[in-house]
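Below is one structure, written out as structure tokens, with a few remarks after it.
The values are calculated or read from the model by the stated rules, or taken from the named source; none is laboratory data. Keep in mind that this is a model prediction, so the values were computed, not measured. In this analysis, Cβ positions are derived from the backbone assuming ideal geometry, glycine residues included, and neighbour counts consider all displayed protein chains.
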Amino acid sequence: MTNLSVVLATFNEEKNIKECLQSVKEIADEIIVVDGSSEDKTREIAKALGAKVFRVPNRLMFHKNKQLAIEKASCKWILQLDADERLTKKLRKEISGKVNNDSSYAGFYLSRKNWFLGRFLTKGGQYPDYVIRLFLNGKGRFPTKSVHEQIKIKGRVSWLKHPLIHLTDPDFGRYLERFNRYTSLDANDLYKKNKKPTFWFGIQSFLIKPVHWFVLTYFRHKGFIDGFPGFVFALFSSLRFPVTYLKLWELNRKR
């Protein structure tokens, strides 16, 4: 068995996929791309860079496509990435050292540097932003129940030193696209759990939770150190609560 499979789930990522795959090509023995029927050139670009590409439906719970990519991997170790993530030279070297030597760990957390409004956020709970991305084949999987979930690992987990570059929001429009998608997923989760848009839940969603989250992000976690981008991030991450409530209200109204 070869050492490292890099796996991705994509949808309309022609602007990101090339740089992502180029950043892993040096250390990947296999690249798996499960594409949710992109309408751009994502699949063509990935194939040209040597990836094994599989076209599937674009599922609302996109972690299902991520899990499918994991299941298609054949190497001893799996590195799960998103198309807007990049490996630095130092991180490539560190990952290569882990997968080419015996390890007592089944998985590793990677820290992420998140790009937002023209800079990497350093505070506001956005760094180091640990995510499990490197793990032994057969030891990690997505539960595919929530958009906010981590990969679950069977075994011991440790941390890598060097950060993963996450170019999540090259512009504010991209942020709003993700904001809309995540709040829709959250509203659907609440709807499936039969959560009702009651008056008290509305007070929580429009007042208590947003104020608490903004104070936590901007003051306690020092988001103000990141200047205007830090303020905007704290504000809009707080606004997800009333937006999710309104979408839940709409779902119940349609029913």
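In the set 69, 28, 48, 73, only one residue is without any contact (Cβ under 8 Å) to a residue 24 or more places away in the chain and among the aliphatic types (A, V, I, L, M); that residue is 48. Within segment 1-47, restricting attention to residues that are in contact with a Leu (Cβ under 8 Å, 6 or more places away or on another chain) and among the small types (Gly, Ala, Ser), the residue that is nearest to residue 81 (Cα to Cα) is 9.
Taking strands (runs of 3 or more DSSP E) as the structural unit, those lying wholly within segment 17-130 and holding at least 3 residues that are among the hydrophobic types (A, V, I, L, M, F, W, C) and out of contact with any Cys (no Cβ under 8 Å at 6 or more places or on another chain) correspond to 30-35, 77-81. For residue 114, indicate whether it is closer than 24 Å to residue 146 by Cβ, outside the structural domain of residue 219 (by TED's automatic domain parsing) and crowded, with 17+ Cβ neighbours inside 10 Å. Considered against the rule, which asks whether it is closer than 24 Å to residue 146 by Cβ, outside the structural domain of residue 219 (by TED's automatic domain parsing) and crowded, with 17+ Cβ neighbours inside 10 Å, residue 114 comes out as yes.
In the set (1) within 20 Å of residue 96 (Cα to Cα); (2) crowded, with 17+ Cβ neighbours inside 10 Å; (3) of a type in the set (D, E, K, R), the condition left unmet by residue 161 is number (2).
Considering segment 123-148, and only residues there that are among the charged types (D, E, K, R) and under 16 Å from the mean Cα position of the chain (by Cα), the residue that is modelled with the lowest pLDDT turns out to be 145. When you scan segment 185-192, do you find a residue that is modelled with pLDDT of 95 or more and either in a loop (DSSP other than H, G, I, E, B) or surrounded by fewer than 15 Cβ atoms within 10 Å (Cβ to Cβ) (or both), even just one? Within segment 185-192, not a single residue is modelled with pLDDT of 95 or more and either in a loop (DSSP other than H, G, I, E, B) or surrounded by fewer than 15 Cβ atoms within 10 Å (Cβ to Cβ) (or both).
Counting the residues of segment 216-235 that are within 23 Å of the chain's Cα centre (by Cα) and surrounded by fewer than 14 Cβ atoms within 10 Å (Cβ to Cβ) gives 0.
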